[in-house]
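Below: the structure, in structure tokens.
Every number in this text was worked out from the coordinates using simple rules, so none of it is lab data. Not measured: the values here are computed from a predicted model. Glycine gets a Cβ as well: all are built from the backbone with ideal geometry, and neighbour counts include every protein chain shown.
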Amino acid sequence: MGGKPSVPVPKITAQDRAILDLKLQRDKLRQYQKQIQGTLDREQEIAKQHLAAGRKDRALLALRHRKYQQGLLQKTDAQMESLQQLVSTVEFALVEVSVLHGLKQGNEVLKEIHKEMNVETVEQLLDETREAQAYQREIDDMLANNLSLDEEDAVQAELLQLEDLGREPLTLPSAPDSEPATRVEVEEPQHKEGVRQREAIPA
């Protein structure tokens, strides 16, 4: 039993690894931001509870800790934006590299074409074309001059006839509406009358 053909494993380049690392760092920052946001909500709730219990100093401490966490959240926002811009820049740079590679290949193909179709080759091709056209005109002139007037008139008439056939639509003959009348044989009475005349002649 033959095994299934192996699927080629896509090659991971250094650029792919760099983009993957940047995206992993971005995801970690997002998780850290969620944790900070949870801490902010918790510290605010703790401050409310301390105020309700009359412990103002404890509430003030919780609010200070919350303010510190807010500063961290702002820093992570800036880092998140930087990472996102870096990922976009790297991905766009890869696209530019791919486009430049395609342009390079296209230029190489054009160079090869230009080598085959240089000025000398084009001029030679045009000269050969002009020579072939001149040779054809010479043959046409020879054929036209070798025909007599009657032959030329016959050729022109045949040309007109072909043109008329080309313009006329092809029509098929229509079927007869009724059956053809049967042919009446009229020779038989004459034959019998001749026989009677021969019998009347005495031997």
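In this rough spin-label picture, where each label sits 7 Å from Cα along the Cβ direction, the Gln35-Glu116 distance is 6.4 nm. Between Arg26 and Asp150, the contour length at 0.36 nm per residue exceeds the alpha carbon distance by 35.1 nm.
Computed FRET efficiency, Cβ-Cβ of Ser88 and Gln49, R0 41 Å: what is it to the nearest 0.05?
Details: r = 44 Å, r/R0 = 1.07.
The formula returns an efficiency of 0.40 here.
Quick one: putting +1 on the C-beta of Lys and Arg, -1 on the C-beta of Asp and Glu, what dipole do you get for the range 14-116 around its Cα centre, in Debye to the nearest 20?
Working: 18 positive and 14 negative charges, 196 e Å.
With only Lys, Arg, Asp and Glu charged at Cβ, the dipole is about 940 debye.
The shape of the range 1-137 can be summarised by an equivalent ellipsoid whose semi-axes, obtained from the alpha carbon gyration tensor, come to 72, 22, 10 Å from longest to shortest. Projected label points at His65 and Gln124, each 7 Å from Cα along the beta carbon direction, are separated by 9.0 nanometres.
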